[in-house]
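This structure is in C-alpha cells; I'll ask about it shortly.
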Amino acid sequence: MREASYYIKQEDSVKCVLCPRDCVLKNGEVGFCKVRKNENGKLYSLVYARPVAVHVDPIEKKPLFHFLPGSKTFSIGTAGCNLRCQHCQNWNISQAKPSDFSDRVLEPKEVVKQAIEQGCKSIAYTYNEPTIFFEYMIETAKLAKKKGLKNVAVTNGFIHQEPLKELCKYLDAVNVDLKSFSKQFYGKVTAAWLEPVLDTIKTLKEKGVWLEITNLIIPSVNDSDITIKEMCEWLKENVGVDVPIHFSAFHPDYKFQDYPPTSIESLTNARDIAKNLGLNYVFVGNVFTNGLENTTCPNCNKLLIDRRGFQILENNMFKNTCRFCNKIIMGVF
Ligand code: SF4
C-alpha cells in the first residue's frame, strides 16, 4: 500500500479530498471508489502498482484522434471507480475491489520500460477511472516524461481542482467522458454531479493539455436534441470549436441491459447538431461505419485522415497542417 495524496487528518477519521465526493473514513473504512483506505489514521491507495488491465492499444481506441495519430499507447487500469454509471461498459473492473483480482504488481519504472520496449509513444491511464489511482498515475507519468514518452488519460473528469492541476503538469492529452449535459442524468445514472466535470474541462484547456470529449449516447436516456445542443454550445463557448467530440454508441451492459443499442441515425443526428453549431472535428464512434471517423479540413473540406476502426488508411496531414490548403489543424501531430 502507498500513502495517498490529498487527504486531511481529522480527530477520528480522515477526509479524502481527491475527488468531489470528499469521503470521510473512519479507521478501516474504504472510500466510495473502493481503492482508498484509512489505516490507523493514514489514507492509503490500495491500487498503487496494481493494474488489472494492461494492453498495448492504438491511440485511436481511447479515443484520441488528434493526438499522435497512428501511434501505439501502453494502457493501464486498476480496479475501482468514483462513479456508479449504470451503463458502464467496463463494470467488471470499475465496480470491483482490488482484492477481486490477483496480486499482479507492475511498478511505474516497469510500465515505462515495457512501453518503450513495445514501441509505444505514450502511456494511457484508462479502462477504469484513472484519477482514483492518482499516485500510481503521477509517479508513472513523471518517469515516462523523463524518458520522452507522452502521458494520456481517459477520465470522467470528477476530480478536485488541486490534484487536477498537479496532474496537468504531466499529462499531454486527455479524453473527458462528458456523459450528458443534464444534471438529472448525472444524479440518476452516474451517482455524481455535472459541475466538477465542466470545471475539469475548462482547467485542462487553460493548462494547455490537448483535450477531446466523448459523449456516449443512450437511446431515450440522454439523446435529446436540446441537451446535446446545450452541451455543444457550452463546449464552443468554453473550449472552442476545435475541440474534437466523439459521439459514441451505447450497447446494453451492466444495469442497462434493457435499452437498445444506439442507432446510426441517432449518432449522426448528434453529429449534425454539433457541426451546425460550428464545431470543426465531430466523430461518431463505436459503430465502425465508413466515413464517420474521418478528419476533414475545416477550411478546404478535403479528407485529411481516413480512419477505419482503429486503423488509419490515409493521412494527408503535413506536420500539423492540411497538405492541400496549409490550414493549421489543432492537435498534436
Ligand atoms: S477518490 Fe475515492 S475515497 Fe477519495 S473522495 Fe473520491 S470516492 Fe472518496
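The values are calculated or read from the model by the stated rules, or taken from the named source; none is laboratory data. Nothing here was measured: the structure is a model prediction, and the numbers come from that model. Glycine also receives a Cβ, built like all others from the backbone with ideal geometry; neighbour counts cover every protein chain displayed. Each accessible area value is taken on the protein alone, full model and side chains, heavy atoms only, with ligands, DNA and RNA left out. Shrake-Rupley method; radii C 1.70, N 1.55, O 1.52, S 1.80 Å.
Take the conditions over 19 Å from Thr73 (Cβ atoms), at pLDDT 95 or above and either among the charged types (D, E, K, R) or away from the ligand (no atom under 15 Å from the Cβ) (or both) and apply them to Lys147. Does it pass?
Values: over 19 Å from Thr73 (Cβ atoms): no; at pLDDT 95 or above: yes; either among the charged types (D, E, K, R) or away from the ligand (no atom under 15 Å from the Cβ) (or both): yes.
The answer is no for Lys147.
Just the residues that are out of contact with any strand residue (DSSP E or B) (no Cβ under 7 Å at 6 or more places or on another chain), open to solvent by 20 Å² or more (accessible area, probe 1.4 Å) and assigned to a loop (DSSP other than H, G, I, E, B), please, taken from segment 179-218.
Phe181, Ser182, Ala191, Trp193, Lys207, Gly208
Further, regarding this structure: Looking only at segment 1-45, which residues are among the β-branched types (Val, Ile, Thr) and free of Cβ contacts under 8 Å to residues at least 12 places away in the same chain?
Ile8
Yes/no matrix, rows are residues, columns are (1) within 22 Å of Gly208 (Cβ to Cβ); (2) at pLDDT below 95; (3) in contact with a helix residue (DSSP H, G or I) (Cβ under 9 Å, 6 or more places away or on another chain):
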position	(1), (2), (3)
Pro260	no, no, no
Gly285	no, yes, yes
Phe288	no, yes, no
Leu292	no, yes, yes
Asn301	no, no, no
Arg308	no, yes, no
Arg323	no, no, no
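Per-residue answers, yes or no, for (1) without any contact (Cβ under 8 Å) to a residue 24 or more places away in the chain; (2) in a helix (DSSP H, G or I):
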{"residue": "Asp258", "(1), (2)": "yes, no"}
{"residue": "Thr268", "(1), (2)": "no, yes"}
{"residue": "Asn280", "(1), (2)": "no, no"}
{"residue": "Asn290", "(1), (2)": "yes, no"}
{"residue": "Asn299", "(1), (2)": "no, no"}
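Could you list all residues from segment 308-333 that are open to solvent by less than 40 Å² (accessible area, probe 1.4 Å) and within 20 Å of Ser263 (Cα to Cα)?
Gly309 - this is the single residue of segment 308-333 that is open to solvent by less than 40 Å² (accessible area, probe 1.4 Å) and within 20 Å of Ser263 (Cα to Cα).
Residue by residue through segment 274-289, note down the ones that are under 24 Å from the mean Cα position of the chain (by Cα) and either among the polar types (S, T, N, Q) or farther than 14 Å from Pro244 by Cα (or both).
Asn280, Asn286, Val287, Phe288, Thr289
Also, quick follow-up: Could we say that Glu237 is among the acidic types (Asp, Glu), open to solvent by 10 Å² or more (accessible area, probe 1.4 Å) and more than 19 Å from the chain's Cα centre (by Cα) here? Steps first, answer last, please.
Values: among the acidic types (Asp, Glu): yes; open to solvent by 10 Å² or more (accessible area, probe 1.4 Å): yes; more than 19 Å from the chain's Cα centre (by Cα): yes.
For Glu237, the condition - among the acidic types (Asp, Glu), open to solvent by 10 Å² or more (accessible area, probe 1.4 Å) and more than 19 Å from the chain's Cα centre (by Cα) - is met.
Taking Asn301, is it open to solvent by 50 Å² or more (accessible area, probe 1.4 Å), in contact with a His (Cβ under 8 Å, 6 or more places away or on another chain) and under 25 Å from Ile312 (Cα atoms)?
Details: open to solvent by 50 Å² or more (accessible area, probe 1.4 Å): yes; in contact with a His (Cβ under 8 Å, 6 or more places away or on another chain): no; under 25 Å from Ile312 (Cα atoms): yes.
It is false that Asn301 is open to solvent by 50 Å² or more (accessible area, probe 1.4 Å), in contact with a His (Cβ under 8 Å, 6 or more places away or on another chain) and under 25 Å from Ile312 (Cα atoms).
While we're here: Can you name the strands (runs of 3 or more DSSP E) wholly within segment 11-121 that have at least 1 residues being away from the ligand (no atom under 12 Å from the Cβ) and open to solvent by 10 Å² or more (accessible area, probe 1.4 Å)? Step through it out loud before you land on a result.
Working: elements: 14-16, 36-39, 42-45, 53-58, 72-77.
In segment 11-121, 36-39, 42-45, 53-58, 72-77 are the strands (runs of 3 or more DSSP E) which contain 1 or more residues that are away from the ligand (no atom under 12 Å from the Cβ) and open to solvent by 10 Å² or more (accessible area, probe 1.4 Å).
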